[in-house]
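The block underneath contains the structure these notes are about, expressed in structure tokens.
The values are calculated or read from the model by the stated rules, or taken from the named source; none is laboratory data. Keep in mind that what you see is a predicted model, and the values were worked out from it rather than measured. A quick note on method: Cβ atoms are made from the backbone with ideal geometry, for glycine too, and the neighbour counts reach across all protein chains shown. Heavy atoms of the whole protein, side chains included, go into the accessibility calculation; ligands, DNA and RNA do not. Shrake-Rupley method; radii C 1.70, N 1.55, O 1.52, S 1.80 Å.
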Protein chains: 2
Amino acid sequence: MMNPQWLRSFVVLAERGSFTRTADQLGLTQAAVSQHIHHLEAQLGPLLIRRPRQVELTPAGQALLGYCDDMEQAEKRLNLRLSGADDRQGEISLITPGSIGLSLYPLLLDLQASYPGLSVRHRFAPDQDVLEGVRNNHFELGLVTLKPDDPRLVACHFADEPLDLVVPATATVNSWEDLESLGFIDHPDGHAMASRLLSRVFPGNRGIRSIACKGFVNQVGLILEPVARGFGFSVIPRYAREAYAPGEAIRVVEMGPRVVDALWLIYRAEWPLSARARFVASELASRLTGETLVLV
Amino acid sequence: MMNPQWLRSFVVLAERGSFTRTADQLGLTQAAVSQHIHHLEAQLGPLLIRRPRQVELTPAGQALLGYCDDMEQAEKRLNLRLSGADDRQGEISLITPGSIGLSLYPLLLDLQASYPGLSVRHRFAPDQDVLEGVRNNHFELGLVTLKPDDPRLVACHFADEPLDLVVPATATVNSWEDLESLGFIDHPDGHAMASRLLSRVFPGNRGIRSIACKGFVNQVGLILEPVARGFGFSVIPRYAREAYAPGEAIRVVEMGPRVVDALWLIYRAEWPLSARARFVASELASRLTGETLVLV
DNA sequence: GATTCATCATAAGAAAACCTTATCAATATA
DNA sequence: TATATTGATAAGGTTTTCTTATGATGAATC
């Protein structure tokens, strides 16, 4: 087992050619340097020829010098990885619900165009899978709509996600009965969102389950097409609507109190968030909401 | 400065997931392993999360594991280089006089064809340059015609190089005067070789300098052409002649005592000759002379 | 809920490793 | 020949690493 101090002595000795000068440079005594080389030669055979003017490396000495260089390079790579000094390079792993994920998608593409060293692994999943993915260390960053109470996770307020009731442009909606006549266009988060918004707009209503389901699409970006064609209404996040609105054939119903979903950015609490993840999370928040993200 | 024993404990711990099992495997106590990890974390920050069933690596822990793998690979490369286990791979550096160099050239090409991992750096030079080249560690192997008396060099008898007096096929040579009538075709080692052979065949002759020089070629392989054309005679090593004899237009004069130059293989005495150099030197000797090379 | 077991952290002391000081041998220089 | 320089080596002081013993915590079992 080669002691790092021995190797350091060897490298400086190879460079300066004298035990005495090596000892001076390292702040040790000549005897210590002599012992270091003795230990190395005991393990590896003759490493240098002692000459009156300067030591000369044997081929084995040259091989060891090459090894020391390999070690130095490996250590530099390690330090770079640990320091996160370069926060615009490396992999970003992110897992989000589909609604906000769609809104972030073009922003992530813009970031990648600006910083080619970044590589983004982004997955759409419901809240539960987001929690698991971050907890199991498969993704460094996650977004959820409910703040988790888990000591292993940090949760920072990322953005507010207002919900919109969208109906066909030609529809008139003033009562619960109007919605029943239209019918509901569902999506994976459809029921949850509709329940939250409609219980505020129409208190005491019969529930979203009493409205006929006129369609289901598992991609939030495609849900506005059936609405525009008059097949029914839906409830989706405003960011999703703004990102993919087809144009004039839909309308947003502004009735009753505002309903806003808070979005929480989560990551593992037991170790520091990487510098690149910090950078990207901040950029996304500020490009989405214009506000500054406050990380723990 | 990271102690190699700390890193070893870390690698085994990452693999087995438990301090106690790691200690068992390494033949240490659990307390020692705990201290090793403590030292590493003091320098690098949290490397693992202690769980009741198994430790979990942080990203920093994973980075360190990558570094340990780099170290292991570097060490393997070093050991391979030091052991010379693979003696059919790597560079062969050889410096020889032109005459024997030409004989060896096709043999070296054959070896390279058989062992593509070998790379041959071969230079032709007079004896004095051969000695310098080996002594200065620019070439690992050298061939000389005079055994050196230098404690830094090992000299092994490599081969005997008989000298041939070659004349045009139509020439009649029985006396010194016949040689004077022909004239001498010279080459870089021409005078030395001619002196040695002719002082034996014609004792008391007037010396090679009394014979008109009819030509000079600094490549031994080309010297037989002017001889074949009848321009003069020359003295060259038999191996060179055999390697490049053009055919019927020259003749070897067999007169008087045999003159044989001994060839010495030299290399540096202060460290072991590399395994590949041993292998190649043995192959060359046996392919050239049919005899087994005896290395010190 | 109480008890037992397994596991890791930590304190203290023993053992090992590393360093310094002092001396000697070899070589080069004046 | 005398002196200076340099590296090796012995002996002892200092630091690091290891072991032994103990305590804290969490999980499993009764």
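The figures follow:
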read-out	value
Residue B:165 long-range amide H proximity, modeled H, under 5 Å	B:253
Chain A: relative contact order in percent, alpha carbon pairs under 8 Å with at least 6 residues between	21 percent
Beta bridges per DSSP with both ends in chain A, % antiparallel, nearest 5	65 percent
Calculated FRET efficiency for the pair residue A:287/residue B:114, C-beta based, R₀ 45 Å, to 0.05	0.10
Karplus-derived HN-Hα couplings along region A:263-279 (A = 6.51, B = -1.76, C = 1.60, θ = phi - 60°), whole Hz, x at Gly and Pro	9, 10, 8, 10, 7, 5, 7, 7, 9, x, 5, 5, 4, 5, 5, 4, 4
Residues in region A:51-77 that a label on residue B:80 would reach, taking backbone N under 12 Å of a point 7 Å out along Cα→Cβ	none
Peptide B:53-61, shielding by other chains (average Cβ, 10 Å cutoff)	3
Within region A:69-99, backbone nitrogen closer than 17 Å to the virtual label 7 Å beyond the Cα of residue B:73 toward Cβ	A:69-81
Percentage, to the nearest whole number, of Cα pairs in the protein assembly as shown over 45 Å apart	53 percent
Accessible surface buried upon A-B contact (total; probe 1.4 Å; Å², nearest 100)	2800 Å²
Test item: B:81-90 mean partner chain Cβ contacts at 10 Å	2
Residue A:135 versus residue A:62: modelled label distance in nm, points set 7 Å from Cα along the beta carbon direction	5.9 nm
Region A:82-152 shape via C-alpha gyration tensor axes, a/c threshold 1.5	oblate
Convex hull per residue volume in Å³, alpha carbons only, for chain B	178 Å³
Fraction of beta bridges assigned by DSSP in region B:1-132 that are antiparallel (%, nearest 5)	20 percent
Farthest toward positive dipole pole in the protein assembly as shown [+1 Lys/Arg, -1 Asp/Glu at C-beta], among A:234, A:194, A:151	A:151
Accessible surface of the protein assembly as shown, 1.4 Å probe, proportion on carbon and sulfur as whole %	49 percent
Of the trypsin sites (Lys or Arg not before Pro) in region B:208-296, those whose Cβ has at most 16 other Cβ within 10 Å and which sit in DSSP loop	B:229, B:258
Å² of accessible area per residue within the protein assembly as shown, as computed with a 1.4 Å probe and no ligands counted	49 Å²
Longest segment of chain A lacking GluC sites (Glu not before Pro) that sit in a DSSP loop with at most 16 other Cβ atoms within 10 Å	A:1-247
Cβ-defined net charge surrounding residue A:87, 10 Å radius [Lys, Arg +1; Asp, Glu -1]	+2
Relative contact order [Cα under 8 Å, 6+ residues apart], region A:4-83, whole percent	25 percent
Test item: B:12-18 mean partner chain Cβ contacts at 10 Å	0
Shape call, region A:162-260: gyration tensor on alpha carbons, a/c limit 1.5	rounded
Relative contact order (percent, whole number), region B:140-296, Cα cutoff 8 Å, 6+ residue spacing	43 percent
Qualifying trypsin sites (Lys or Arg not before Pro) in region A:23-77, DSSP loop, other Cβ atoms within 10 Å at most 15	A:50, A:53
